[in-house]
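*Asks:* I have a structure I would like to understand better, so I am pasting it below and will then ask my questions one at a time.
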Amino acid sequence: MLPENIPTVTVRGRFLSPDGRPLSGSMVFRAPAQLTFPQSDVILGGPVTMPLDAQGAFEVTLPATDAPDMDPSGWAYIVAEQLVGIPAGRSYNILLPRAQPEVDLADIAPTDPSKPNYVGVPGPAGPAGPQGPKGDSGTTGATGATGPAGAPGVVQSVNGKSAAAVVLAAGDVGAVPATGGTFTGRVIVRGDGTANIAEWQDSAGTVRTRIGPSGNLVASAIAYLANSVQFGATSADVGGGVGVLGITNAPTAPTTNPTGGAILYAEGGVLKVRQTDGTVITIGAAAPVTSVNSKTGVVVLSASDVGAAAAAHTHTAADVGAVATGTAVLLTGNQTVAGNKTFSGNVIVQGVGQTQAVIKAADTSRTSTATVAADTHLLLPVVANATYIVEAALVWTNGGGGFRADWSAPSGATMVWTDNDGAGAPDLGTDLTFSVTTGTTFQGALVVSSTAGNLMLRWAQNSSNTAATVLLAGCYLKLERVA
């Protein structure tokens, strides 16, 4: 495709025999050997051959012969007609000016074969035609510059006042008095985003109260509020009090700590304080104390006032309903417990000595596969950096494919294991296989590395068989942690 800035002309044509049948063949258009278009950074060369289609027609788009910035210029296309059945095809020159972007070859090709080869050139311009109808009005242009002021006229009145010497007040022109005065209606004062919107200064010119650039009220001296103050609402909720402080429940309670003070707020109708250390104090959460052990005023209590013994008094374990030292099981810390102990509930051990077991809840059937996959029931969790004794009892039905198994464990874990027939495996992924038997017991020592996860039994048929191998419900997997 030619660059868009090269003007083109589309040439069409159709060739028929005298009885109306489409002719076949091709049309060849030759330009100079090379055409250079510097602005488009392209060089064109070679003839253009266009075969006639089934209707004897062709269509081709070519660079205009008067394209600007073209080297060479002032040339014409040489057209060669190569038609089947017409041995002496014509050859002639044509111009394709860009002013006519589409042209039919029948309109520009010579019709008399006896005419010599020629180069067509545009003829002289014809006489001007009659003037066409008037076009629509164009858009209105921009407003011109303001002309010079005219001579002053005679003033008849000023804001409705007619007098030889008119005097206007601020109210006559809708202005606020510079000093004193009263005005009604809404007043909007908009700041510039940098300076205070309004300031109240003392007699020395020091700002005492101001409306900041963001519209915030800032009092730099003691603020005197003769009546009540309401926070968090635009309507009073002070219970009819005068000189009181009303605080509406905070829509969002504070969640971060103040850095140099405390935050006072209301939540659920209760006054609260959030301190710098994050402590939240509820004020008035309980009724005030009116007496202590029937004493009022400045109360001082002794041991006997609260039914206690003197500080030097010694109690035995039995005195306080406790078990003597060395005869109780400690809740924390190390301790050696001797003798038999009976527990009415379950004993749960999380560390060394922990025993876990899972019993297969339902049969699992597998056919036509010798690729091991995890059993959906026989798996148990293991923790990092621990060692377990592994035991599994497995029973299956053998339809002819037999049974094979290995293990999956967390990354870095290792295990050597064996079955009850003496076959052993050096690692988790080595399969033990069974062709005829229908049951076995696995035992091994699992050493878990730094990654926790699950120990899972994986199994399949020993050899792929359409008759199912079924691992039966009731099989179990058991782990005992030993380190």
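*Asks:* Pairs please, first residue from the stretch 286-306 and surrounded by fewer than 10 Cβ atoms within 10 Å (Cβ to Cβ), second anywhere and in a loop (DSSP other than H, G, I, E, B) and modelled with pLDDT under 80, Cβ atoms under 8 Å, 6+ apart in sequence or on different chains.
*Replies:* Sorted first by the residue in the stretch 286-306, then by its partner, the pairs are Thr296/Thr290.
So that you can scan it fast, the table gives a plain yes or no per residue for (1) at pLDDT 80 or above; (2) of a type in the set (Gly, Ala, Ser); (3) under 30 Å from Asn465 (Cα atoms); (4) not assigned by TED's automatic domain parsing to the domain that holds Thr438:
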| residue | (1), (2), (3), (4) |
| --- | --- |
| Thr248 | yes, no, no, yes |
| Ala285 | no, yes, no, yes |
| Val298 | yes, no, no, yes |
| Ala311 | no, yes, no, yes |
| Ser344 | yes, yes, no, yes |
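*Asks:* So, one more: Which residue is surrounded by the most Cβ atoms within 10 Å (Cβ to Cβ), if the candidates are limited to the stretch 338-358 and must be among the aliphatic types (A, V, I, L, M) and within 26 Å of Leu380 (Cα to Cα)?
*Replies:* Applying the first criterion (among the aliphatic types (A, V, I, L, M)) to the stretch 338-358 yields 338, 347-349, 352, 357-358.
Remaining after also requiring within 26 Å of Leu380 (Cα to Cα): 347-349, 352, 357-358.
Details: Val347: 8, Ile348: 6, Val349: 10, Val352: 11, Ala357: 11, Val358: 16.
Filtering first and then ranking leaves Val358.
*Asks:* Restricting to the stretch 220-249, count the residues that are over 29 Å from Asn196 (Cβ atoms) and in a loop (DSSP other than H, G, I, E, B).
*Replies:* The number of residues fulfilling the criteria is 8.
*Asks:* Do you know which of the residues in the stretch 228-250 that are touching a residue at least 12 places away in the same chain (Cβ under 8 Å) and exposed (fewer than 11 other Cβ atoms within 10 Å of the Cβ) is farthest from Tyr265 (Cα to Cα)? Give the derivation first.
*Replies:* At the first step, the residues of the stretch 228-250 found to be touching a residue at least 12 places away in the same chain (Cβ under 8 Å) are 228-233, 241-250.
Retained after the next criterion (residues that are exposed (fewer than 11 other Cβ atoms within 10 Å of the Cβ)): 242-243.
Numbers: Val242: 20, Gly243: 19 Å.
The extreme case among them is Val242.
*Asks:* Taking Val390 as the residue in question, decide whether it is surrounded by 15 or more Cβ atoms within 10 Å (Cβ to Cβ) and out of contact with any Lys or Arg (no Cβ under 7 Å at 6 or more places or on another chain). Step through it out loud before you land on a result.
*Replies:* On the way: surrounded by 15 or more Cβ atoms within 10 Å (Cβ to Cβ): yes; out of contact with any Lys or Arg (no Cβ under 7 Å at 6 or more places or on another chain): yes.
Yes; evaluated as a whole, the condition is true for this residue.
*Asks:* Counting only residues that are free of Cβ contacts under 8 Å to residues at least 40 places away in the same chain and of a type outside the set (Gly, Ala, Ser), which one in the stretch 71-93 is surrounded by the fewest Cβ atoms within 10 Å (Cβ to Cβ)?
*Replies:* Pro87
The values are calculated or read from the model by the stated rules, or taken from the named source; none is laboratory data. Nothing here was measured: the structure is a model prediction, and the numbers come from that model. A quick note on method: Cβ atoms are made from the backbone with ideal geometry, for glycine too, and the neighbour counts reach across all protein chains shown.
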